[in-house]
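K.L.:
Handing you a structure now.
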Amino acid sequence: MRIIYMHNAEKQLMDGYKNSKIREQEDITKRGEQEANIISDELSKLKITSIYTSTYKRCKKTAEIINKNHNLEVIVDSNLNGQKQGEDWKTFLNRNVEFIKDIVDKHNNNDVIVCITGSKNLTGFICYFYNIDINDNTPKITAQSISPINFTIDKKR
């Protein structure tokens, strides 16, 4: 199974950025649309079986562009959202890992899955795929705009 973590395309920063409700409504920029179209064309060479995205507008817009060559039902899942206000780091990472475990359980070894989310979520993917213990001191690993990162797993593990 191949799971492609992808950060959302370049976003438009809005006033009040620290407010989580505002962050959820940020759209992508024209440059972000161009980046997403380039990645979409590259991913069109793959037989993607599922696309998952967070509930954030910028992620859903990125997913829509990635999906243009696949015509799949994009699955929106709040477990791919960023760290919530009041949510500690360990809880956030465990939420990400549980999401990935669920994806692995639902899909077959020959599936190709794209997950579009925010930058801090990359840490959860790395912890899962490299079997790294999660604690409050787990380093924060982030990704830049629309960075596709491939992870491969054999369900027999």
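K.L.:
Does the range 97-116 include one or more residues that are modelled with pLDDT of 95 or more, in contact with a Phe, Trp or Tyr (Cβ under 8 Å, 6 or more places away or on another chain), more than 17 Å from Ser50 (Cβ to Cβ) and crowded, with 17+ Cβ neighbours inside 10 Å?
P.N.:
yes
K.L.:
Out of curiosity, is Glu73 at pLDDT 95 or above and over 15 Å from the mean Cα position of the chain (by Cα)?
P.N.:
Values: at pLDDT 95 or above: yes; over 15 Å from the mean Cα position of the chain (by Cα): yes.
Criteria met by Glu73.
K.L.:
So for the range 83-97 (the condition being assigned to a helix (DSSP H, G or I), within 24 Å of Gly32 (Cα to Cα) and of a type outside the set (Val, Ile, Thr)), does at least one residue qualify?
P.N.:
Scanning the range 83-97 turns up no residue that is assigned to a helix (DSSP H, G or I), within 24 Å of Gly32 (Cα to Cα) and of a type outside the set (Val, Ile, Thr).
K.L.:
Got at least one residue in the range 118-130 being among the charged types (D, E, K, R) and surrounded by fewer than 17 Cβ atoms within 10 Å (Cβ to Cβ)? Write out each step before concluding.
P.N.:
The first filter runs over the range 118-130 and keeps only residues among the charged types (D, E, K, R), leaving 120.
Filter again for surrounded by fewer than 17 Cβ atoms within 10 Å (Cβ to Cβ), leaving none.
No: the range 118-130 contains no residue that is among the charged types (D, E, K, R) and surrounded by fewer than 17 Cβ atoms within 10 Å (Cβ to Cβ).
K.L.:
Scanning the range 131-157 for residues that are closer than 19 Å to Arg95 by Cβ, touching a residue at least 40 places away in the same chain (Cβ under 8 Å) and of a type in the set (D, E, K, R), which turns out surrounded by the most Cβ atoms within 10 Å (Cβ to Cβ)?
P.N.:
Of everything passing the filter in the range 131-157, Lys140 is surrounded by the most Cβ atoms within 10 Å (Cβ to Cβ).
K.L.:
Regarding the range 46-63, can at least one residue be identified that is at pLDDT below 95, more than 18 Å from Gly118 (Cα to Cα) and either touching a helix residue (DSSP H, G or I) at 6+ places or on another chain (Cβ under 8 Å) or buried (at least 17 other Cβ atoms within 10 Å of the Cβ) (or both)?
P.N.:
no
K.L.:
Same structure, new question: Can you tell me which of Ile75, Ile132 is farther than 14 Å from Tyr5 by Cβ and in a strand (DSSP E or B)?
P.N.:
Values: Ile132 fails: in a strand (DSSP E or B).
Ile75 is the lone residue from the list that is farther than 14 Å from Tyr5 by Cβ and in a strand (DSSP E or B).
K.L.:
Here is a follow-up. Suppose the filter is among the β-branched types (Val, Ile, Thr), part of a helix (DSSP H, G or I) and surrounded by 15 or more Cβ atoms within 10 Å (Cβ to Cβ); does Ile3 pass it?
P.N.:
Values: among the β-branched types (Val, Ile, Thr): yes; part of a helix (DSSP H, G or I): no; surrounded by 15 or more Cβ atoms within 10 Å (Cβ to Cβ): yes.
So Ile3 does not fit the description; no.
The values are calculated or read from the model by the stated rules, or taken from the named source; none is laboratory data. The structure displayed is predicted, hence computed values, not measured ones. Backbone-built Cβ (ideal geometry, glycine too); neighbour counts: all protein chains shown.
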